[in-house]
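Take a look at the structure set out below.
The values are calculated or read from the model by the stated rules, or taken from the named source; none is laboratory data. Just so we're clear, the structure is a prediction, and the values are computed from it rather than from any experiment. Positions of Cβ are backbone-derived with ideal geometry, glycine not excepted, and every protein chain shown enters the neighbour counts.
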Amino acid sequence: MTEALPNAFSPNGDGINDSFEIKPFINPNTVIHSFLIRIYNRWGQLVFESNSVFKSWDGTTKKGNKVPADTYAYTIFIQTSLKDEFRHKGSITLIR
């Protein structure tokens, strides 16, 4: 990771911080072998999961339902082509 990840986003369609993206914060010289992000609500229920660093979270569930404004926990796992592993846990606040 090249910088600290954002701690909030607002998927309101204004074109500014409309999704929680990981790709811009990864060193562009890093070759990713595997990637996994999981996002959980306050009750520990999985609301979003992706194996693609290019897939951002837009504040909806897998079924496309909008989740409420709240703070969500996430876990990220990255393994590089050199077998280096990166694990990160944090939280992201969704603002409606």
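Are there any pairs with C-beta distances below 6 angstrom linking a residue in the stretch 68-95 that is touching a residue at least 12 places away in the same chain (Cβ under 8 Å) and at negative phi to a residue that is among the basic types (K, R) and in a strand (DSSP E or B), with the two at least 6 apart or on different chains, and if so which?
Between residues of the stretch 68-95 that are touching a residue at least 12 places away in the same chain (Cβ under 8 Å) and at negative phi and residues that are among the basic types (K, R) and in a strand (DSSP E or B), the close pairs are T75/R38; T75/K89; F77/R87.
Quick one: which residue in F20, F54, F48, F25 is of a type outside the set (D, E) and touching a helix residue (DSSP H, G or I) at 6+ places or on another chain (Cβ under 7 Å)?
Numbers: F20 fails: touching a helix residue (DSSP H, G or I) at 6+ places or on another chain (Cβ under 7 Å); F48 fails: touching a helix residue (DSSP H, G or I) at 6+ places or on another chain (Cβ under 7 Å); F25 fails: touching a helix residue (DSSP H, G or I) at 6+ places or on another chain (Cβ under 7 Å).
Testing whether each residue is of a type outside the set (D, E) and touching a helix residue (DSSP H, G or I) at 6+ places or on another chain (Cβ under 7 Å) leaves just F54.
Quick one: what pairs do we get from the stretch 1-30, first residue free of Cβ contacts under 8 Å to residues at least 40 places away in the same chain and farther than 17 Å from T80 by Cα, second assigned to a loop (DSSP other than H, G, I, E, B) and polar (S, T, N, Q), C-beta under 6 Å, 6+ apart or different chains?
That search, which allows pairs on different chains as well, returns N17/S10; E21/S56.
So if I check each of F35, F54, F48, which one is under 13 Å from the mean Cα position of the chain (by Cα), of a type in the set (A, V, I, L, M, F, W, C) and either within 13 Å of I95 (Cβ to Cβ) or exposed (fewer than 15 other Cβ atoms within 10 Å of the Cβ) (or both)? Break it down stepwise before answering.
Numbers: F35 fails: either within 13 Å of I95 (Cβ to Cβ) or exposed (fewer than 15 other Cβ atoms within 10 Å of the Cβ) (or both); F48 fails: either within 13 Å of I95 (Cβ to Cβ) or exposed (fewer than 15 other Cβ atoms within 10 Å of the Cβ) (or both).
The conditions single out F54.
Go through the stretch 13-39 and give me each residue that's part of a strand (DSSP E or B) and of a type in the set (S, T, Y). I'd like the intermediate steps shown before the answer.
Filtering the stretch 13-39 for residues part of a strand (DSSP E or B) gives 20, 32-39.
The answer is S34, and nothing else.
Among the numbered criteria (1) among the small types (G, A, S); (2) modelled with pLDDT under 95; (3) in contact with a Ser or Thr (Cβ under 8 Å, 6 or more places away or on another chain), which one does S81 miss?
Every condition holds for S81 apart from (3).
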